[in-house]
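Visitor: One structure follows; several queries about it will come next.
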């Protein structure tokens, strides 16, 4: 098992996993917040667009999105996100991970919104705040604090879901694992190394988010 | 709209090809059944279509089972994916494996091999009208596809680092990308490539370059140290070559694409250690 660690750059692979997770998490947070705002907006058409986005991406397997990004978007529609295939696959993986998890971020935020008593939005309106102002000053700050726990679960799911990027050739942890199994044969040791790697990444995050959700909960 | 439909179709096609049912089946017959591991998704070598199994690996396995006194109905086909092959042998889930299984030292540490029954070599699959690619040295500026983590993907990157390589999860996806002109070539063993080129839907659209540049020795994987069984299988393989069944099986399964095994075929099986 130790000789595998010395001959293959496991840390570099997990580094790519982290980079993929970091960029996708930022993307998912931004897109997810925008979609949540669409769903909360008073305009019917915007609500429909937001609901359609969530329905499509929450119900499409991530594997399908990944394969479609290369076989469909890159090869048939010719949309390239990088000069060579390695960069192209990496950035498509970031895009697909962001879109897919944005749907979950949106739903997490809406659950946060539901923790806010309806009277607050009504009060915000009655003192003359516009929709944007009440969102910015009253609703969203509390929604984020109420949604910390589900957002944390989404982030942990995102880190683990980066392994799906291996199927379009992104050389992150799962991609390296496939190489090691091909050369050294599969064994408990190989799986153990990568399982431990992911536990190291996700376990502290879980503890931290639980702590954070307790600390930031809005006391009512 | 047409393009969007094409995108959806390509994605659905590729994923449906990767999805495979697990477990095996076989007609009921008297006598004890023998469990044989093959690939279910490798046209020309081991392919499951409904409850029919076809390919060179299937024919070789059927021949070996025949020499062991088993009728084809007594064979229970089990899907053995690359990562699981060693464990499925050592845990006794299959008696032997014929599944494009290259003999390597790392694998010999965990399982024993009878054979080789075929010496394949890494080659290139290109579109039928493409004359610019004649070998790995002509790949500069071309887009190449292979399977993530596979030996072929690693070798081409070591030997020709400048190649623009897209890795996918299955060769089926690579062939789809090749036909839709997303990539210019696909690389893996010539036997696997010929299997795809022999498929009805790709006939005339793709061709194998025919200049193998490595040697992959396909063996029959079996329980480590079972010398008696290994000898039985080796004898069966020798008989298969000498009575002409081997050539017939190669021609029937990989011949439609004009496949000619590279020099050294049919190989003389190694002695069982």
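Visitor: Give me the Debye-computed log₁₀ of I(q)/I(0) at q = 0.25 Å⁻¹ for the range A:63-126, equal point scatterers on Cα only, no solvent, two decimals.
Guide: -1.00
Visitor: If you line up the long axis of helix B:2-18 against the longest principal axis of chain B, both from Cα atoms, how many degrees apart are they, to the nearest 10?
Guide: In chain B, helix B:2-18 runs at an angle near 20 degrees to the longest axis.
Visitor: Now for a different question. Could you check the simple spin-label distance between residue B:76 and residue A:48, using points 7 Å along Cα→Cβ, in nm with one decimal?
Guide: That separation, rounded to one decimal, is 5.6 nm.
Visitor: In the range B:122-208, what percentage of the DSSP-assigned beta bridges are antiparallel, given to the nearest 5?
Guide: That works out to approximately 55 percent antiparallel.
Visitor: Right, here's the next one. Sort A:205, A:140 so the one with the fewest other Cβ atoms within 10 Å of its own Cβ comes first.
Guide: Numbers: A:205 14, A:140 20.
Ascending Cβ contact count within 10 Å gives the list A:205, A:140.
Visitor: In whole Å and largest first, what semi-axes does the C-alpha gyration tensor of the range B:122-208 yield when each eigenvalue is scaled by 5 and square-rooted?
Guide: On the way: eigenvalues 67, 39, 25 Å².
Semi-axes from the Cα gyration tensor: 18, 14, 11 Å.
Visitor: If you fit an axis through the alpha-carbon atoms of helix A:85-114 and take the longest principal axis of the Cα set of chain A, what angle between them do you get, 0 to 90°, nearest 10?
Guide: Taking Cα atoms only, the helix is inclined about 30 degrees.
Visitor: May I ask for the percentage of alpha-carbon pairs in chain B that lie more than 32 Å from each other?
Guide: Numbers: 8505 of 37128 pairs.
Percentage above 32 Å: 23.
Visitor: What is the average number of partner chain Cβ atoms found within 10 Å of a Cβ in A:48-56? Spell out each step's value before the answer.
Guide: On the way: counts 0, 0, 0, 0, 0, 0, 0, 0, 0.
Averaged over the peptide's residues, the number is 0.
Visitor: Once you order the gyration tensor axes a ≥ b ≥ c over the Cα atoms, which shape class does the range B:67-159 get: rounded for a/c under 1.5, otherwise prolate or oblate by comparing a/b with b/c? Display every interim value, and only then the final one.
Guide: Working: a/c = 2.78, a/b = 2.02, b/c = 1.38.
The shape class here is prolate.
Visitor: Still on this structure, please answer the following. Using alpha carbon centroids, what distance separates the range A:86-103 and the range B:156-220, in Å?
Guide: 26 Å
Visitor: If you don't mind, another one. Based on alpha-carbon centroids, what's the gap between the range A:1-67 and the range B:66-89 in Å, whole number please?
Guide: If you average the Cα positions of each part, the centres end up 40 Å apart.
Visitor: Sorted from fewest to most neighbouring beta carbons within 10 Å, what does the list A:39, A:7, B:127 look like?
Guide: Working: A:39 20, A:7 11, B:127 16.
Lowest count first: A:7, B:127, A:39.
Visitor: Rg over Rh of chain A, using C-alpha atoms and the Kirkwood radius, what does it come to? Present the calculation step by step, with values, prior to reporting the outcome.
Guide: Working: Rg = 20.3 Å, Rh = 19.2 Å.
Rg/Rh: 1.06.
Visitor: Still on this structure, I have one more. Determine which residues of the range A:181-220 fall in the zone a paramagnetic label at residue A:123 would reach in this model, i.e. backbone nitrogen under 14 Å from the point 7 Å along Cα→Cβ.
Guide: Counting backbone N atoms under 14 Å from the label point, the list is A:219-220.
Visitor: To check you understand DSSP bridge types, tell me what percent of the beta bridges within the protein assembly as shown (both residues inside) are antiparallel, rounded to 5. Could you put the intermediate results ahead of the total?
Guide: Numbers: 22 of 36 bridges.
Antiparallel bridges: around 60 percent, rounded to the nearest 5.
Visitor: Next question. Ranking A:144, B:113 by Cβ neighbours within 10 Å, fewest first, what do you get?
Guide: On the way: A:144 17, B:113 27.
By the 10 Å Cβ count, ascending: A:144, B:113.
Visitor: Hey, what D do you get for the protein assembly as shown in µm²/s if you plug the Kirkwood alpha-carbon radius into Stokes-Einstein at 25 °C and 0.890 mPa s? Display every interim value, and only then the final one.
Guide: Working: Rh = 25.1 Å.
Calculated translational D: 98 µm²/s.
Visitor: With the Cα gyration tensor of the range B:70-123 giving a ≥ b ≥ c as the square roots of its eigenvalues, does the rule (a/c under 1.5 for rounded; else a/b larger than b/c for prolate; else oblate) give rounded, prolate or oblate?
Guide: Details: a/c = 1.87, a/b = 1.30, b/c = 1.44.
Note, shape of the range B:70-123 comes out oblate.
Visitor: Give the average, rounded to an integer, of partner chain Cβ atoms located within 10 angstrom of each Cβ in B:168-179. Don't jump to the answer; show the numbers that get you there.
Guide: Numbers: counts 8, 9, 2, 0, 0, 5, 1, 0, 3, 5, 1, 1.
Mean inter-chain Cβ contacts per residue within 10 Å come to 3.
Visitor: Now for a different question. Quick check: from the Cα gyration tensor, does the range B:80-225 come out rounded (a/c under 1.5), prolate or oblate?
Guide: Since a/c reaches 1.5 and a/b is larger than b/c, the shape of the range B:80-225 is classed as prolate.
Visitor: Go ahead and run the numbers for FRET between residue A:56 and residue B:108, Cβ-Cβ distance against an R0 of 56 Å, rounding to 0.05. Walk me through the intermediate numbers first.
Guide: Values: r = 49 Å, r/R0 = 0.88.
Computed FRET efficiency for residue A:56 and residue B:108: 0.70.
Visitor: Which percent of Cα pairs goes in each bin when the distances of the range B:168-233 are cut into 5 angstrom slices starting at zero?
Guide: Using 5 Å bins, I get a P(r) of 3, 13, 22, 17, 12, 9, 9, 7, 5, 2, 0 for the range B:168-233.
Visitor: Just tell me how shielded A:75-83 is by partners: mean number of partner chain Cβ atoms within 10 Å of each residue's Cβ, no decimals.
Guide: Numbers: counts 14, 11, 4, 3, 0, 0, 0, 0, 1.
Taking all residues of A:75-83 together, the mean is 4.
Visitor: What order, most packed first, do the peptides B:92-99, B:261-268, B:192-199, A:60-67 have when packing is the mean number of other Cβ atoms within 10 Å of each residue? Before the final figure, lay out the partial values.
Guide: On the way: B:92-99: 23.5, B:261-268: 15.5, B:192-199: 25.2, A:60-67: 19.8.
Answer by packing, highest mean first, reads B:192-199, B:92-99, A:60-67, B:261-268.
Visitor: Could you pull out which residues in the range A:64-95 have an amide N less than 19 Å from a spot 7 Å beyond the Cα of residue A:19, following the Cα-Cβ vector?
Guide: A:81-95
Visitor: Can you tell me the 0 to 90 degree angle between the C-alpha axis of helix B:245-254 and the longest principal axis of chain B, rounded to 10?
Guide: Roughly 30 degrees, rounded to the nearest 10.
Every read-out reported here was derived from the displayed coordinates using simple, explicitly stated rules and does not represent laboratory data. Note that this is a predicted model, so its numbers are computed, not measured. Cβ atoms come from the backbone with ideal geometry, glycine included; neighbour counts cover every protein chain shown.
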